[in-house]
């Protein structure tokens, strides 16, 4: 069960991620499945990648978006569970609180973040991946 104190780390072995126009986009370079989180997805992913836990992310979103605290926390736990299930992230038991607080550059309109999963290109992307696996580069 995901808690607000959990910190996560991106699965850099299998996942390539980028934030574009506020949307977080991921591709599993091994399987060809791609994902997105729009709305506050970019803020969420940048804070995950920086090492913030769910409580810290929720605090930032409540502050910048004016959303209901309990609702944001519930939504983030569900989103983190989805990311874990898809192996986009793992729980990082060794991480400590980042030295610098994250301040979103632009206020966002809050709406429930949902992980979009796109398996329709899986076979094509698995045959001809858009980028090499990070494992292959090493």
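Read-outs: derived from the displayed coordinates by stated rules, not from any lab. These numbers come from a predicted model, not from an experiment. For neighbour counting, all protein chains shown are included, and Cβ atoms are generated from backbone atoms with ideal geometry for every residue, glycine included.
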Given a cut-off of under 8 Å on Cα pairs at least six residues apart, what relative contact order in percent is computed for region 8-128? 37
For residue 3 and residue 38 in one chain, what is 0.36 nm times their gap in residues minus the Cα-Cα distance, to one decimal in nm? 10.3 nm
At R0 = 41 Å, how high is the FRET efficiency between residue 78 and residue 20 if r is their beta carbon distance? Nearest 0.05 is fine. 0.95
Evaluate E = 1/(1 + (r/R0)^6) for residue 118 and residue 71, where r is the Cβ-Cβ distance and R0 equals 30 Å; express this FRET efficiency to the nearest 0.05. 0.70
Apply the a/c threshold of 1.5 to the C-alpha gyration tensor of region 8-128 and tell me whether it is rounded, prolate or oblate. prolate
Descending packing, highest mean Cβ count within 10 Å first, for 4-10, 113-119 is 4-10, 113-119
